[in-house]
1. For B:K107, which aspartates and glutamates qualify as cross-link partners when the Cα separation must be under 15 Å and same-chain residues fewer than eight apart are set aside?
2. Give the distance, in whole Å, between the Cα centre of the stretch B:1-77 and the Cα centre of the stretch A:69-125.
3. At most 15 other Cβ atoms within 10 Å and a DSSP loop assignment: could you name the trypsin sites (Lys or Arg not before Pro) in the stretch A:70-130 that fit?
4. Averaged over peptide A:52-64, how many Cβ atoms belonging to another chain are found within 10 Å of each residue's Cβ?
5. Just to confirm the filter: which trypsin sites (Lys or Arg not before Pro) across the stretch B:78-152 are DSSP coil and have at most 16 other Cβ within 10 angstrom of their Cβ?
6. At q = 0.17, 0.19, 0.21, 0.27 Å⁻¹, what base-10 log of I(q)/I(0) does the Debye formula yield for the stretch A:1-67 when every alpha carbon is treated as an equal point scatterer in vacuo?
7. Give, in nm to one decimal, the length gained when the segment between A:R122 and A:L60 is fully stretched (0.36 nm per residue of separation minus the Cα-Cα distance).
8. Within chain B, which is the longest segment containing none of the chymotrypsin sites (Phe, Trp or Tyr not before Pro) that sit in a DSSP loop and have at most 12 other Cβ atoms within 10 Å?
Amino acid sequence: MSALQRHWDARAAANFMLGGAGAGLVACAPLTGNSALVFAGLAMIAAGLGAVWLEIGRRLRAAHVLFNPFTSWMTREAFAALLLFPIGLFYPLFAAPLALAFLYCQARILHASKGIPAWRAREVMALVVSTGLAEGAGLALVFSADRWLLGAFGAAVVVRYFAWRRYRAAVRSEALEPAGRTLAWLGTGAALVLLPIAPPLAGLAAAACGAWLKLALVTRASFKQGFSLPHLPVRGAR
Amino acid sequence: MTRWAMIADLRRCVGCQTCTAACKQANGTPPGVQWRRVLDLEVGEYPRVKRAFVPVGCMHCDDPPCMHVCPSTATRKRADGIVTIDYDLCIGCAYCALACPYEARYKVDRQEFAFGARAPNETPDEKRVGVATKCTFCVERIDAGLAKGLKPGVDPEATPACVNSCIAGALHFGDADDPGSNVSELLAENQFFRMHEELGTGPRFYYLWDKAP
C-alpha cells in the first residue's frame with residue numbers, strides 16, 4: 001500500500017455512518033422518553049470520532065481540530081460533540097438540538113469540499129441530515145414501538161427518499177447507484193411495508209441502507225473533478 | 001501591495017517535466033509527491049487531435065477552500081498571497097486535500113525513498129510526514145532573496161525553482177500588482193485563463209493561450 005493518502009477511507013466514513021446514525025438516535029430519543037437511547041447514540045458518536053481519529057496523520061495533535069471555529073465545519077462538528085456529550089450524559093432528553101447541530105455540521109463538512117463534485121452539491125446537505133434522522137429513528141425502533149416514533153420514522157424515510165431523488169438529479173455518480181437503488185427499494189419501500197408488521201426489521205433495513213449510502217458517498221463517490229482547458233494553446237500559423 | 005502570481009505559457013511548454021524534477025530536487029519531496037506536475041493532455045478525436053502540456057500545482061488562490069476547511073489553522077494566507085502550511089499545527093486530516101479542486105495537496109503516512117532504502121543524498125524531513133504538503137512557491141527562496149534586495153521572478157536566486165529550470169521559458173513568476181512586472185506585461189499582451197475559475201477560488205496561476213487580439 002502506498003504511503004500517499006488520496007482520499008478518505010472507511011475510518012472517516014465511519015464517522016459519518018456511526019456519528020450520523022448516533023446523532024439521529026439522540027435526536028429521536030425524546031419521542032420515546034428512553035434515556036438509554038441517548039447513551040447508545042453518544043456511544044455511536046464516540047465510536048465514529050474514534051474511527052476518524054485513527055485516520056489522521058498526527059493523532060497526538062487531535063486537539064488542534066478545535067482551532068478554527070470561524071470557517072471550518074470540522075471544528076464546529078468537534079465543538080458540537082464537545083457540548084453534546086456532557087448535556088447528553090446529564091440531561092439526556094435535552095440533547096436533541098445539539099445532536100441536530102452535530103448532524104448539520106457533518107453535512108456541511110461534505111458540502112465545503114469544493115474539489116469533489118459529488119460532495120459540493122447543495123443537495124448533499126439534505127441527504128446527509130435526512131439519512132442520519134432516518135437511521136436514528138430506525139435504530140430507535142429496535143427498542144421502542146412508540147406511536148410517535150413510528151410516525152417520525154415513516155416521515156424521515158420518505159423525506160430521505162426525496163432527498164436522494166433530488167441529489168441524484170443534481171449529481172450523477174455511478175459509484176452511488178447500487179447503494180441508492182437499495183436505499184430506494186429496501187430502505188424506503190420495504191421499510192414502509194414492514195413498518196406496521198415488524199418495526200425493528202423496518203428500522204434496521206432503513207439504518208443499514210443509510211450506512212451503505214454514506215460509506216459509498218465518502219469512499220467511492222469522492223472523485224475530484226479533474227482539470228479542464230477552456231482554450232487550447234494557439235501555436236504557429238493560424 | 002505585492003501579489004505573487006505564476007504564469008504558464010501553454011504555447012511554449014513542451015512537457016519536458018524539468019520543472020517537476022527541479023521542484024523535487026529543491027524541495028526533497030518523497031516518491032509520488034509532485035508539488036509541480038505537468039499534465040499531458042490530448043484533446044479531440046482522431047485524426048483531429050491536439051496535445052497540450054499543462055503545468056499544475058497549488059494555485060495560491062485568493063479565496064483558498066483548503067484554508068477555510070482546515071480545522072487547525074495550519075493553512076494560512078500571507079499578505080503577499082502565498083498560501084502556507086504550518087507543519088507543527090497540521091493534524092493530517094486530509095480535509096484540505098479533498099477541498100482543493102486542483103489536486104495540489106499531498107499527505108504521506110510514512111517516509112518512503114526513491115529506491116527503497118534511503119540513499120545518502122536523501123534527507124527525510126520528519127515534520128512533513130502525516131501532514132498536508134504542497135507547493136510553497138519556494139517561499140524560502142523568495143523571502144531570502146527579498147532580504148538581499150533581489151527581485152523574485154527576475155533574479156534566479158529569489159525565484160521558484162520550477163521557473164528557473166524551465167527550458168522553454170514557459171513559466172514566469174512575479175508581482176501581479178506591479179504594472180511594470182514581467183507577469184503584468186505578459187498578462188496585458190496575451191489572452192489567458194485560470195483553471196476552474198467558475199468555483200470562485202481566484203487562482204493566481206495564469207495560463208497564456210494566445211496573444212491579445
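1. Here the aspartates and glutamates satisfying the reach criterion relative to B:K107 are A:D9, A:E55, B:D86, B:D88, B:D125, B:E126.
2. 33 Å
3. Loop-located and lightly packed - A:R122.
4. 6
5. Of the trypsin sites (Lys or Arg not before Pro), the ones in loops of the stretch B:78-152 whose Cβ has at most 16 other Cβ atoms within 10 Å are B:R78, B:R110, B:R118, B:K148.
6. After summing over all Cα pairs, the log10 values are -0.67, -0.77, -0.85, -1.08.
7. Contour length minus Cα-Cα distance gives 18.9 nm.
8. Result, exposed sites excluded: B:1-112.
Each reported figure results from applying straightforward, stated rules to the coordinates on display, with no laboratory input. Note that the structure is predicted; figures quoted are calculated from it, not measured. All Cβ positions, glycine included, derive from the backbone under ideal geometry; neighbour counts span all protein chains shown.
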